[in-house]
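Right, one structure below, let's go through it.
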Amino acid sequence: MPNDTEAMALALIRLIHEATDGAAMQWQTIRLIDGTEHAIAFAVGHGWMLTDGGGRAALTDLGCSLAEELGRPLH
């Protein structure tokens, strides 16, 4: 069972994957809310996404593959 940070990171990569139609390295603006910084750091640390330091993130190939395994986000 993932902790809150990991769960938020997984949700974030699923949302970015949907927003980019599954394309890796398509930059998306991320709005920071409570806990988002930790989730982004978690995802970057696991090789799922990259950040540009300016509030944008992009999924890596690994992040895209994981998002596909997880399915569509619940929103």
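The values are calculated or read from the model by the stated rules, or taken from the named source; none is laboratory data. None of the values given here were measured: they were computed from a predicted structure. A quick note on method: Cβ atoms are made from the backbone with ideal geometry, for glycine too, and the neighbour counts reach across all protein chains shown.
So the values come out like this:
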item: First in segment 1-28 and in contact (Cβ under 8 Å) with a residue 60 or more places away in the chain, second anywhere and exposed (fewer than 15 other Cβ atoms within 10 Å of the Cβ) and in a loop (DSSP other than H, G, I, E, B), Cβ under 9 Å, 6 or more apart; result: Leu10/Pro2; Ala11/Leu74; Ala11/His75; Leu15/His75
item: Residues of segment 1-15 satisfying the condition of being in a helix (DSSP H, G or I) and more than 11 Å from Gly63 (Cβ to Cβ); result: Asp4, Thr5, Glu6, Ala7, Met8, Ala11, Leu15
item: Residue under evaluation Thr60, criteria (1) out of contact with any Phe, Trp or Tyr (no Cβ under 9 Å at 6 or more places or on another chain); (2) of a type in the set (Ser, Thr, Tyr); (3) surrounded by 14 or more Cβ atoms within 10 Å (Cβ to Cβ), criterion not met; result: (1)
item: Filter result (closer than 15 Å to Glu69 by Cα and among the charged types (D, E, K, R)) within segment 1-54; result: Arg14, Glu18, Asp21
item: Answer residue from segment 16-66, given it is among the polar types (S, T, N, Q) and part of a helix (DSSP H, G or I) and is farthest from the chain's Cα centre (by Cα) among those; result: Ser65
item: Whichever residue in segment 1-57 is of a type in the set (A, V, I, L, M) and loosely packed, with under 13 Cβ neighbours inside 10 Å and, among such residues, is modelled with the lowest pLDDT; result: Met1
item: Subset tally (residues that are modelled with pLDDT of 90 or more and under 16 Å from Glu6 (Cα atoms)) for segment 65-75; result: 3
item: Criterion violated by Glu69 - all others in (1) surrounded by 15 or more Cβ atoms within 10 Å (Cβ to Cβ); (2) assigned to a helix (DSSP H, G or I) satisfied; result: (1)
